[in-house]
Amino acid sequence: MKKVTLSALLLASTMVCAQSSTAKKDLVAKLLVLQQPAIEQTAQALVERPAMQLHQQAGLALQTRVAPEKREAAAKQVQEDLKKYVDEVGPLVRQQAVKLAPSTIGTLLEEKFSEDELKQLIAIIESPVNRKFMQMGGEFQKALGEKLVVQTKPVVEPKVKALEQAIVKHLGLPPASDAKASDTPAKSPKK
């Protein structure tokens, strides 16, 4: 019988872990490719949220604050600006989401699932493991969404403000700073 040293066992164990880790990372990468449409959908929803809110606000303003003869033209301009915003910002945010997915969703997959579970997710859609995966959808969206907002805020925020200003202009309303100033009554000087 051959005697096995402790260092030989540690080396063998390290090699198995490295192989397992590489195999697990490959499975996670494959899952991320399979989930790319859902990742992009999450990003698109983040892009569309402010556009939908502005669309609703513009609709109300059109009905209450824009002359009837100007409504159709203003509505068309608002719609064009909203589409331009979504078309311009959407691809940027979707690309960033796909880029962030390995460090967010991928990390969660590696932490929460074993290599065998990852194989089952890929191979068997109706498995109990798939239910577990589906239940984590909220965690995935939260992890990706939080980082995505932080990463894309410098690009998206100025575009949302520009879109908002364009809509206000189309509606013939005073800019937000003017509106706030006119809404507050003038204070008399203190004696």
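Tell me which of Val89, Leu60, Leu27 sits at the most positive position along the dipole axis of segment 23-132, charges placed on C-beta atoms (Lys, Arg +1; Asp, Glu -1).
Leu60
Report, in listed order, any pair from Lys70/Lys161; Lys84/Lys161; Lys84/Lys169; Lys24/Lys142; Lys84/Lys153; Lys84/Lys147 with a Cα-Cα distance greater than 20 Å. Please report the intermediate quantities before stating the final value.
Numbers: Lys70/Lys161 23 Å; Lys84/Lys161 14 Å; Lys84/Lys169 16 Å; Lys24/Lys142 23 Å; Lys84/Lys153 18 Å; Lys84/Lys147 24 Å.
Too far apart for the 20 Å limit: Lys70/Lys161; Lys24/Lys142; Lys84/Lys147.
With a 1.4 Å probe and every protein chain kept in, tell me what percent of the accessible surface of segment 37-166 is carbon plus sulfur.
On the way: 4340 of 8050 Å².
It is 54 percent, rounded to a whole number.
In nm², what is the average projected area of the convex hull enclosing the Cα atoms of segment 60-104?
With the hull built on Cα positions only, its mean projection is 4.1 nm².
Rg to Rh for segment 17-105: what is it, with Cα atoms only and Rh by Kirkwood? Intermediate values should be presented prior to the final figure.
Numbers: Rg = 20.3 Å, Rh = 15.7 Å.
Taking Rg over the Kirkwood Rh, I get 1.29.
Determine the sum of side-chain charges near Ser103: Lys and Arg each +1, Asp and Glu each -1, restricted to other residues whose C-beta is under 11 angstrom from that of Ser103.
Surrounding charge for Ser103 is +1.
The values are calculated or read from the model by the stated rules, or taken from the named source; none is laboratory data. Keep in mind that what you see is a predicted model, and the values were worked out from it rather than measured. Cβ coordinates were reconstructed from backbone atoms using ideal geometry, including for glycine residues, and neighbour counts include every protein chain displayed. Keep in mind that these areas ignore ligands, DNA and RNA; they rest on the heavy atoms of the full protein, side chains included. Shrake-Rupley method; radii C 1.70, N 1.55, O 1.52, S 1.80 Å.
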